[in-house]
Amino acid sequence: MQSRVKNRSSLAAALAAAMLVPAISSAAPSTTLYGGGASLPATAYVGSSWFTPSPALRLSTAGDAGSLFGQYTASTTALPIGFFTGTTTRPAVSYCQTGSGTGKKVLIGDPTVSASNACPDAGTSSVTGFGAPSGVQASYVGSDSPLSASEFSAFLTNKPARVQPVQFPAIGAVIAVIYNNPSVQAASLALSESKICRIFSGDITDWRQLGPFPSKPIKVVYRSDGSGTSFAFSNHLSKVCPTASPVAVTGFKTNQTFSSAFPVAAPTGSIASPQNGGVTTTVSNTDGAIGYADVADTSERIRLNPSISLKFASIVLKDGINPATGKAFIRRNPLVHPATFNLGNVVTDKVIASSLDANGRPVMQDIVAPPRPGCVLLADPDSYATSPLSASGDYASYPIVAVSYLLANAAGNGQNTFNLRALLAAPYGKAAAGSYSAGTTTIGAGKGYLFLTGQIPGPLKISQCVRV
């Protein structure tokens with residue numbers, strides 16, 4: 001099931017038949033594909049207009065020009081003969097930023113949420129819907145935390161007519177450690193892995209323990225909701241903290257709910273906030289705060305409000321001198337990263353097991369007799385838990401990243417099937433015979449996103465995974 005990383009063309013080739021569809025009835029499709037979920041990929045998916053005039057909106061009903069969804073909806077490519085009659089313009093794509101956990105709950109049919117529940121503006125702690133019309137089900141979901149065994153099982157129970165969920169890796173993103181301390185100059189805070197682990201475990205509680213800074217309590221800020229950003233950050237901590245030097249920290253657990261990721265309990269005085277915007281707002285309003293957030297969202301907030309009290313910490317492998325070079329370990333700035341990211345080990349028909357291993361690491365589990373084989377793709381969390389080391393013993397690149405997925409229903413998609421396939425294929429660039437070209441290597445470039453390269457086990461055909 002494992003495969004070697006190759007190049008971006010391998011992803012496109014694996015999806016070469018994604019747009020080949022059988023003829024179905026002539027009724028027109030929906031005018032909108034309704035979805036929601038992760039906030040981390042939102043700026044790449046829908047653009048940055050939801051920030052204007054201030055970061056207030058959670059709901060985007062059309063993608064900006066140049067965004068992934070914007071390019072998708074602008075396409076007027078020909079549809080297969082016999083699919084339906086009428087316009088060839090793509091329907092609009094509606095996206096509500098609920099967080100990954102709530103997005104997946106809508107997908108699997110959790111009774112506490114519904115696609116037709118309201119999608120409120122930012123600042124509301126509870127988001128339980130995508131803002132779709134009454135009775136309309138979600139067409140797709142974005143999530144930075146992959147499907148778990150319990151979520152897959154819940155889908156089979158709650159939505160048997162839709163056969164199973166499908167999952168495709170769509171985009172990568174950088175997760176930063178952010179802070180607010182007017183006593184610390186911008187770009188002057190470089191944290192070793194050991195210090196990051198000790199901060200989020202509650203072992204380091206004062207700024208004077210981080211450098212020659214005035215004494216001030218550290219306030220840890222973390223996500224209160226189910227979050228793919230939390231999954232990625234805790235995936236990193238559970239990987240590096242047990243061997244961090246000079247002080248190791250054991251007990252971190254990979255979890256999309258960060259309150260369950262702490263070694264024992266949340267540090268004294270810590271603050272839980274919903275969504276990425278809640279974390280950045282809380283950090284910017286709290287002197288001495290340290291939290292974690294995705295670079296794309298946070299950078300856009302700083303660009304629109306340069307006076308905001310947010311800074312990015314650099315990360316070094318260890319404190320002190322690198323014995324291989326005789327120099328200090330290289331600082332890795334979250335704002336400086338490559339445009340692409342090798343997915344590494346991508347497998348099919350596996351989910352995250354309900355139980356972690358003894359070190360708090362996620363375990364991949366086979367889907368037994370999947371109704372639609374080959375339609376759940378999973379990037380091994382271990383393959384992106386940290387950065388590889390360079391020949392000199394430093395990190396080769398910034399070490400905290402996330403992988404975000406697009407998910408949908410395998411069946412029951414009706415007249416939206418063709419357009420949904422096009423949407424799911426969009427992150428992979430050009431699909432079959434000129435039917436769609438997203439240009440994803442430029443969407444969101446320089447904004448904290450990483451475009452995925454690598455070999456997908458195949459052949460994968462979205463047309464076989466997503467049906468009427």
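Counting Lys +1, Arg +1, Asp -1, Glu -1, what net charge surrounds S309 among other residues with beta carbon under 14 Å of its beta carbon? Around S309, the charge tally is +3. Taking amide H as placed 1.01 Å from N in the peptide plane, the amide H of S273 sits under 5 Å from that of Y222, R223, S224, each at least 5 places away or on another chain. Computed from the Cβ-Cβ distance with R0 of 35 Å, the FRET efficiency linking T250 to A391 stands at 0.75. So, R0 is 45 Å and r is the distance between the beta-carbons of V264 and A65; what FRET efficiency does that work out to, to 0.05? Efficiency for this residue pair is about 0.40.
Approximating the spin labels as points 7 Å out from Cα along Cα→Cβ, the A186-to-D206 distance works out to 3.0 nm. For K159, the lysines whose Cα falls under 21 Å of its own Cα, not counting residues fewer than eight places away in the same chain, are K104, K105, K350.
With a Förster radius of 22 Å applied to the beta-carbon distance between A369 and V468, the computed FRET efficiency rounds to 0.45. Distance between the pseudo-spin-label points of K216 and S307 (7 Å out from Cα toward the beta carbon): 1.8 nm.
Summarising the amide proton neighbourhood of A122: residues at separation of 5 or more, or on other chains, whose placed amide H is nearer than 5 Å comprise L57, R58. Listed by chain and number, the lysines whose C-alpha is less than 17 Å from the C-alpha of K219, apart from same-chain residues fewer than 8 away, are K195, K311. For K239, give me every one of the aspartates and glutamates with a C-alpha distance below 17 angstrom, ignoring sequence neighbours fewer than eight places off in its own chain. By straight Cα distance, K239 reaches E193, D357, D380, D382, D394. When both the stretch 213-286 and the stretch 332-347 are represented by their alpha-carbon centers, they are found 21 Å apart.
Only the coordinates and a few stated rules stand behind these numbers; no lab work does. All values reported here derive from a predicted model rather than from experimental measurement. All Cβ positions, glycine included, derive from the backbone under ideal geometry; neighbour counts span all protein chains shown.
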